[in-house]
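To start, the structure under review is shown below, and the notes come after it.
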Amino acid sequence: MATYTGVAGTVKVAAATIAEITGFSIETSGTTIEDSALTDAASTFKVGRTSWTASIECMWDPTDTTGQNAMVVGNSMAFIFYVDGSATGKPTIEGTGIITGVPVTVSNDALVTTSFAIQGTGALTYGTAA
């Protein structure tokens, strides 16, 4: 079984690598639809729709014009998440998503950070880097 560490993870948006990433997460979920009849002894369900969301955390970099600065609330963009670097054959998770939030955090004695909330539209694709 393959295992991975987070030290080589990166994300590309519209083919540009996002600068200063400190982490990312992707969550997939699905719904179920009850199809139980009144006479059924136990509830039964059918598969409904699936969806996904993601977040990307970064140290804020206002000079990253093709990465961080391109991810504006409302933009729909293509993302490639690399969990173990972007070398050929490494695993990828790809999907198109809409930017839904971009907070910038400034704290005493800390680096300025930002994060990007993404609502997926359509299915994710699991593959390998080319």
Tabulated pairs, the stretch 30-42, first more than 30 Å from residue 53 (Cα to Cα), second assigned to a strand (DSSP E or B) and among the acidic types (Asp, Glu), C-beta under 8 angstrom, 6+ apart or interchain: none
Go through the stretch 1-23 and count every residue that is open to solvent by less than 60 Å² (accessible area, probe 1.4 Å) and touching an Asp or Glu at 6+ places or on another chain (Cβ under 8 Å). 6
Looking at the stretch 108-130 only, could you name the residues that are of a type in the set (S, T, N, Q), more than 18 Å from residue 75 (Cβ to Cβ) and not in a strand (DSSP E or B)? 108
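Kindly indicate whether residue 125 is touching a residue at least 24 places away in the same chain (Cβ under 8 Å) and either of a type in the set (Gly, Ala, Ser) or closer than 21 Å to residue 7 by Cα (or both). Talk me through it step by step, then tell me what you get.
Numbers: touching a residue at least 24 places away in the same chain (Cβ under 8 Å): yes; either of a type in the set (Gly, Ala, Ser) or closer than 21 Å to residue 7 by Cα (or both): no.
Criteria not met by residue 125.
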Considering residues of the stretch 2-42 that are of a type in the set (A, V, I, L, M), part of a loop (DSSP other than H, G, I, E, B) and out of contact with any Ser or Thr (no Cβ under 9 Å at 6 or more places or on another chain) only, the residue nearest to residue 112 (Cα to Cα): 2
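Restricting the search to the stretch 82-106, which residues are in a loop (DSSP other than H, G, I, E, B) and either closer than 20 Å to residue 53 by Cβ or modelled with pLDDT of 95 or more (or both)? First the steps, then the outcome.
Taking the stretch 82-106 and keeping what is in a loop (DSSP other than H, G, I, E, B), we get 83-90, 102-103, 106.
Scanning the stretch 82-106 gives 83, 102, 103, 106.
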Which residues, taken from the stretch 30-68, are open to solvent by 40 Å² or more (accessible area, probe 1.4 Å), under 13 Å from the mean Cα position of the chain (by Cα) and among the small types (Gly, Ala, Ser)? 51
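The values are calculated or read from the model by the stated rules, or taken from the named source; none is laboratory data. Please read all numbers here as calculations on a predicted model, not as lab measurements. When we count neighbours, we look across all protein chains shown, and the Cβ atoms used for this are built from the backbone with ideal geometry, even at glycine. These area figures cover heavy atoms from the full protein model, side chains too; ligands, DNA and RNA do not enter into them. Shrake-Rupley method; radii C 1.70, N 1.55, O 1.52, S 1.80 Å.
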